[in-house]
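Undergrad: Just passing along the structure, written as C-alpha cells.
The values are calculated or read from the model by the stated rules, or taken from the named source; none is laboratory data. Please read all numbers here as calculations on a predicted model, not as lab measurements. In this analysis, Cβ positions are derived from the backbone assuming ideal geometry, glycine residues included, and neighbour counts consider all displayed protein chains. Note: accessible area is taken over every heavy atom of the protein model, side chains too, but ligands, DNA and RNA are not part of it. Shrake-Rupley method; radii C 1.70, N 1.55, O 1.52, S 1.80 Å.
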Amino acid sequence: MPSASSTASIPVVVGAASPVSFDSSAQRGSSEPVDPRLAPSSPGFRRMSFALFAAGMAAFALLYSTQALLPAISADLNVTAAQASGTVSAATGALALFVLPLSALSERFGRRTVMTYALVVAVLVALVIPFAPNVEWLIALRAVQGAALAGLPASAMAYLAEEVGPKALVAAIGLFVAGNSLGGMSGRIVTGWVAQLWGWRAALAAVGLLALVCAVVFRLMLPKARNFRPGTLNPRALAKTVGTHLSDPLLRRLYAIGALFMTVFGAVYTVIGYRLVEAPFSLPQGVVGSIFLVYLVGTASSAGAGTLVARTGRRGALYLAVSTTAVGLLLSLSHSLAGVLAGLVLITAGFFAGHAVASSSVSRTAQTGRAQASALYQSAYYLGSSVGGTLGAVAFHAGGWEATVGLGLLAVVGVASITLYGTRCARVERRSSVVAGRSAVTNS
C-alpha cells in the first residue's frame, strides 16, 4: 500500500487537463505555480462536498433499499431468503457489470453529466419499483436500477481526483463514502418504519422520494468541472488502460481488498434482518430498520479515514480496519441484543474505514485512466457485495448466523493476508532501494 508520504502529487488523468496552471504573476516570470484544484478552505470545496455527500446518500439508499425489507418481502411474496436476497444481489451485480463502461462514457461526456443521468434514471426506476407484481419483476427492475447507479461511484472518484488538491483527496473521498453510509442508514430506517405501518411497497416509494430530493440537491450544488478535458471513446485504448491497471500488482491487491471487505458487509447486512425477527430477539420490522443507526459509526469512520492514515499509514489503517471487523463478527455471535449491536458497530466501523482507505489508494496509485482504475475497484467492490449477499443468505439457511459469521471471517482473513503480503513487498522494495543507493555511492 502506498504510504502517507506518497500524497505529494497526483498523476494526471487521461483526457483531463493538467492539474497545475499559472496565474498572471506566473506568466510574468514567477516560478510559483498556482494549483486550481479545490482546497478545503474554499467555498467551492464545501459545495462540492455537500453535493457528493447527497449523491452518496441517494446511491446507497436506493442500492440497498430492499435489504431491510427482505423478511417482509419473503412473507408477502412467499419466497425464500435466498430468493428475496436476489433483489439486493441483482442491483449490486448489475452495478459491478456496468461501472466500467459508464466510467468510459464519463471520460467523453464529463463526470458531472454522467453522474446526473445516473441519478435521474435510478430515481425514475425507484418510483416504478413499488408496483412490481412479483419477485421476478422486482429483481429485474432492481437490476436496471443498479446498472443506472453504476454511473455514479467511479465518476465521483475521478471527479474528486481531478478537482480536489492532493492533500484533501482522502478527506474528500471519505466524505463521499460517509454519504454512502448515511444513505444506507437512512434508507433502511425509513423503509423499516414505513413498512411496519403501510407495507414494504410504500417503504420503497418513500426511499425513491428521498433519493429524488438528494438528486436535486446534488445537481444544484455540484460545481462545474474546471480541470476536465473530454477524451475519445476508443475501445482499444480502453482495453489497453484496463489491462495496464489489472497488470499492476498494487491495484490488484486493492481491488481484492475492496471485494473481500464488501463480501463481509453484504453477507452481514443481508442476513441480519432475518436473525433479528426470529427468536430469541423477535423484533418488529420498524425496530429492525432502526438497527441500521449503527451506520452513523461508518459515517464517522470513513470521514476520519484521512486522519487515521496520517497517523498510522495506509497499511496500518487497513490492519486496524481488519481487526475491528473481525472482533465485531465474533461479538455478533452473542445471544444478547446488546452483544449483537456492539458487533454490528465494530463491523460497520471497520468496513467503512477500510473501504475509504482502499478506494482513495486506487485513485492515488493509477498513473493514467484514473476513472477506469476507480471503475475496476467499484466493480470488484460491488461484485463482493453481490457474492456476499447471496452466499450469506445461503450460509444462514444452511447453518444459521454462525455460518454467516464464518463466511465473514474467511473474507477478513483474506484482507489481512493481502495487506501483510503488501507490507512484505514494500519492505523488500525499500531494502532493494537502499542496496542500489549504496552501490551507486560506492561506484561513484
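Undergrad: Identify, please: which residue in the stretch 348-371 is open to solvent by 10 Å² or more (accessible area, probe 1.4 Å) and closer than 15 Å to ALA154 by Cα and is, among those, modelled with the highest pLDDT?
TA: Result: THR365.
Undergrad: Which pairs do you get when a residue that is closer than 19 Å to ALA206 by Cα, found in the stretch 69-95, comes within reach of a residue that is open to solvent by less than 20 Å² (accessible area, probe 1.4 Å) and charged (D, E, K, R), reach meaning Cβ atoms under 9 angstrom, with the pair 6+ apart or on two chains?
TA: Here the result reads LEU69/ARG188; THR87/ARG142; VAL88/ARG142; ALA91/ARG142, each pair linking the stretch 69-95 to a residue that is open to solvent by less than 20 Å² (accessible area, probe 1.4 Å) and charged (D, E, K, R).
Undergrad: Now a separate question. Looking at the stretch 302-329, which of the residues that are of a type in the set (S, T, N, Q) and open to solvent by 40 Å² or more (accessible area, probe 1.4 Å) is farthest from LEU410 (Cα to Cα)?
TA: Only one residue tops the list, namely THR307.
Undergrad: Is it the case that some residue within the stretch 180-198 is open to solvent by less than 20 Å² (accessible area, probe 1.4 Å) and at pLDDT 90 or above?
TA: yes
Undergrad: Then there's this: Residues that are over 30 Å from ARG364 (Cβ atoms), basic (Lys, Arg) and in contact with a helix residue (DSSP H, G or I) (Cβ under 7 Å, 6 or more places away or on another chain), at least 1 per element: which helices (runs of 4 or more DSSP H) completely within the stretch 212-290 meet that?
TA: 249-277
Undergrad: To continue, here is another question. Does any residue in the stretch 219-243 that is under 13 Å from LEU100 (Cα atoms) come within less than 6 Å, Cβ to Cβ, of a residue that is surrounded by fewer than 17 Cβ atoms within 10 Å (Cβ to Cβ) six or more places away or on a different chain, and which pairs are these?
TA: Matching pairs, first to second residue: LEU233/ARG108.
Undergrad: Filter the stretch 385-444 for residues that are modelled with pLDDT of 90 or more, open to solvent by 70 Å² or more (accessible area, probe 1.4 Å) and of a type in the set (A, V, I, L, M); which is farthest from the chain's Cα centre (by Cα)?
TA: Result: ALA398.
Every residue, every condition in (1) assigned to a helix (DSSP H, G or I); (2) modelled with pLDDT of 95 or more; (3) open to solvent by 10 Å² or more (accessible area, probe 1.4 Å), yes or no:
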site	(1), (2), (3)
GLU136	yes, yes, yes
ILE139	yes, yes, yes
ALA143	yes, yes, yes
ALA154	yes, no, no
MET157	yes, no, no
LEU160	yes, no, no
VAL170	yes, no, yes
ILE173	yes, no, no
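Undergrad: Assuming ILE291 fulfils every condition listed in (1) among the β-branched types (Val, Ile, Thr); (2) under 22 Å from the mean Cα position of the chain (by Cα); (3) under 16 Å from ALA195 (Cα atoms); (4) buried (at least 24 other Cβ atoms within 10 Å of the Cβ) apart from one, which condition is it?
TA: It is condition (4) that ILE291 fails.
Undergrad: Can we say ALA205 is modelled with pLDDT of 75 or more and more than 26 Å from MET262 (Cα to Cα)?
TA: Numbers: modelled with pLDDT of 75 or more: yes; more than 26 Å from MET262 (Cα to Cα): yes.
So ALA205 fits the description; yes.
Yes/no per residue for (1) of a type in the set (Phe, Trp, Tyr); (2) within 17 Å of the chain's Cα centre (by Cα); (3) open to solvent by 20 Å² or more (accessible area, probe 1.4 Å); (4) within 30 Å of GLY422 (Cβ to Cβ):
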site: ASN227; (1), (2), (3), (4): no, no, no, no
site: LYS240; (1), (2), (3), (4): no, no, yes, yes
site: LEU251; (1), (2), (3), (4): no, yes, no, yes
site: ALA256; (1), (2), (3), (4): no, yes, yes, yes
site: ILE272; (1), (2), (3), (4): no, no, no, no
site: LEU296; (1), (2), (3), (4): no, yes, yes, no
